[in-house]
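Quick notes on the structure that follows.
The values are calculated or read from the model by the stated rules, or taken from the named source; none is laboratory data. Keep in mind that this is a model prediction, so the values were computed, not measured. Note: ideal-geometry Cβ built from the backbone for every residue, glycine included; neighbour counts use all protein chains shown.
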Amino acid sequence: MSIGVLGMEGLKFLLSTTFYPPYHIGGDAVHVKYLAEELMRRGHEVHVLHSLDAYKVKRKSFPEKAEPDGVCTYAIKTRFYLSSYATYILGNSSLIIKKFDELVNEIKPDVVHHHNISLLGYGLLKKRRRCVNLFTAHDYWLVCQQNNLLKNGSEICEGGSCFFCVLKCGRPLQVWRSFRSFKAAIKSIDLIICPSNYVRRRLAREIDVKSVTLPNFVPSPPNNIPPARYSHYFLFVGMLEMHKGILNLLELFRELRCAINAKLVVVGDGSLRNHVVDFIKRNSLSSFVSYAGVVNDKKLYSLYKNALALIIPSICPENAPLAALEALSVGTPVTASNTGGLPEIVGKVDKKLIFNDWTELKNILLGFSKSEFPPEKTKEVYEQNFSPDVYVDKYIAIIRALSTIH
C-alpha cells in the first residue's frame, strides 16, 4: 500500500522489540503485544521482530510457547546467542540488521515502529523505503546507558559523566553512543512517541526530533473477577529491584505494623526476591506482609480489584507503568511517588495520592479510605485516558498526519 493512502484500512506494520511475550521480562514488551493485537483487530497486518537471544541472556530457560494470536513474529536466534552481547557492546549486529532489511524488503511495510531495541541495535532506526518511521520511548535508552536515568544507580540523573556511572554499576561503556552514525539514525526517526510528558521533556533536552505524548493503554479487564484470597490490603506489583522502591516500602510497613490495620501484598520477581522473603521472615511480618510471587492474569486482576490501593514507590523516574493502568481499569486507585510520569497518571484520580517522600506515603496509608475513591469514577479515568480505543484512535491519527508530510 502506498504511504499516501494511509486513510484506508489494511496497513502493514513492522514492529521491532527486543522482547515479545511470552519471551519477555517487562511491560514494554507487553505493550507491543497489546498494540499488535489491537491493530490486528482493526484489520491491519502486523509483523514483529524480536530476539530470543536477548531473552536467553536474561532468562536461562524458555517459557511455554504462547497461543497464536495472528501476529507474524520473527525471532533472532543463534546457537550461542552472541548477537545480544555484541549489540550491547558495539551498538549493532550485522546479523540483526540483515534480518531486518530482509523483512522490510519482503513485507514492504507502511509503518515501521521501533520499541525497546536496546539489544537489537540502533541501526534499525535508520529509515528504510518510504515508511513512516516511529520510535516509542518506553525508557531512557536514547540518552542513558542504564536506560533508567539513575545516576550511580541511586539518584535521578540531571547530566554529568556517564563513564563513572557505568563504572560504578559494573557495565562496559557504550562508546558507540558518541558515534555520528548513532546520532544520524536517531535523526531519521519521523516521530518519537512518549508515554509521558516527563519523558518527552527529558528527551527533548538532548534530542532534536519531533515527539508527541501518547499515554500507554491496557486492554479492558475480565468481566468476572473472583475475590482475592487476601482482605484489607495494599498492593505492590512490579520488579523486585532497588530502583522500584520495594525495600523502602517494606521498611515502612515494618514501621507501621502496630499503627495500621491493613496488610501489604507483594507481587513480582527480581534480583531482590530472596531479600524480600528473608526480610518478611526475619522481622516476623508474615501476618502483615505477604509475598505472592509471580501470579497469572486471573489472580492478578483479583488482587487489583480487591486491594485498597496499588502502591508504586519507585525511586527511578518511571514512564507509564502498565500496573497503574491495570489497577485503574478495575476501579482501584493508585498512590505513587512524585517521579517521572507517575504523577500524570495518579493526578487524574486525585493529586493527594502523590507522595514526595516516605513520610508523606506513611500519612497517606494511615489516613486512607477507599470510599473516597468510588470505583466507577476511577474506571472513568481509565476509559477516558488509557483504554485501547483511545490509544489506537490517536495512534492512527498520528500516522495519518505523518503520511501527509511524505
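Looking at this structure, is LEU39 modelled with pLDDT of 85 or more and on the phi < 0 side of the Ramachandran plot?
Judged against the criteria, LEU39 is a match.
The set of residues in segment 10-38 that are outside any loop (DSSP other than H, G, I, E, B) and of a type in the set (A, V, I, L, M) comprises LEU14, LEU15, ALA29, VAL30, VAL32, LEU35, ALA36.
The rows are residues; the columns are (1) under 21 Å from the mean Cα position of the chain (by Cα); (2) surrounded by 18 or more Cβ atoms within 10 Å (Cβ to Cβ).
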site: PHE80; (1), (2): no, no
site: ASN92; (1), (2): no, yes
site: ILE117; (1), (2): yes, yes
site: LYS126; (1), (2): no, no
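Among the residues examined, ILE107 qualifies as in the same structural domain as GLY170 (by TED's automatic domain parsing) and either within 30 Å of SER314 (Cα to Cα) or in contact with a strand residue (DSSP E or B) (Cβ under 6 Å, 6 or more places away or on another chain) (or both). Could you tell me whether THR78 is part of a loop (DSSP other than H, G, I, E, B) and at pLDDT 95 or above? So THR78 fails the test. Just wondering, is there one or more residues in segment 169-192 that are modelled with pLDDT of 95 or more, within 27 Å of ILE315 (Cβ to Cβ) and hydrophobic (A, V, I, L, M, F, W, C)? Yes, that holds for at least one residue. Of the residues in segment 97-117, not one is among the charged types (D, E, K, R), out of contact with any Cys (no Cβ under 7 Å at 6 or more places or on another chain) and under 24 Å from CYS194 (Cβ atoms).
Filtered by the rule that a residue be surrounded by fewer than 20 Cβ atoms within 10 Å (Cβ to Cβ) and either within 17 Å of the chain's Cα centre (by Cα) or at pLDDT below 95 (or both), segment 44-56 gives LEU52, LYS56. Regarding ALA327, is this residue closer than 19 Å to PRO375 by Cα and in contact with a Phe, Trp or Tyr (Cβ under 8 Å, 6 or more places away or on another chain)? Considered against the rule, which asks whether it is closer than 19 Å to PRO375 by Cα and in contact with a Phe, Trp or Tyr (Cβ under 8 Å, 6 or more places away or on another chain), ALA327 comes out as yes.
Of all residues in segment 189-210, those being of a type in the set (Gly, Ala, Ser) and within 18 Å of the chain's Cα centre (by Cα) number 1. Tell me, yes or no, whether segment 152-161 has at least one residue that is in the same structural domain as LYS210 (by TED's automatic domain parsing), under 30 Å from MET242 (Cα atoms) and charged (D, E, K, R). Yes - at least one qualifying residue is present in segment 152-161. Does THR339 satisfy being at negative phi, in a loop (DSSP other than H, G, I, E, B) and under 17 Å from the mean Cα position of the chain (by Cα)? So THR339 passes the test. Output the residues belonging to segment 363-404 that are part of a helix (DSSP H, G or I), of a type in the set (Gly, Ala, Ser) and within 29 Å of LEU256 (Cβ to Cβ). Result: SER371, single match. If the condition is being under 19 Å from TYR198 (Cβ atoms) and basic (Lys, Arg), then segment 347-400 contributes LYS348, LYS351, LYS394. Residues that are surrounded by 19 or more Cβ atoms within 10 Å (Cβ to Cβ) and in contact with a strand residue (DSSP E or B) (Cβ under 7 Å, 6 or more places away or on another chain) within segment 212-232 comprise just one, LEU214.
Taking the numbered list (1) small (Gly, Ala, Ser); (2) modelled with pLDDT under 95; (3) closer than 30 Å to ASN116 by Cβ in turn, ALA259 passes all entries but (3). The lone criterion from (1) closer than 20 Å to GLY268 by Cβ; (2) of a type in the set (Phe, Trp, Tyr); (3) touching a Leu at 6+ places or on another chain (Cβ under 8 Å) left unmet by TYR382 is number (1). Could you count how many residues in segment 1-35 are in contact with a helix residue (DSSP H, G or I) (Cβ under 8 Å, 6 or more places away or on another chain), at pLDDT 85 or above and more than 14 Å from PRO63 (Cβ to Cβ)? Total meeting the criteria: 12. Does THR378 qualify as being modelled with pLDDT of 95 or more, crowded, with 21+ Cβ neighbours inside 10 Å and hydroxyl-bearing (Ser, Thr, Tyr)? In short, yes.
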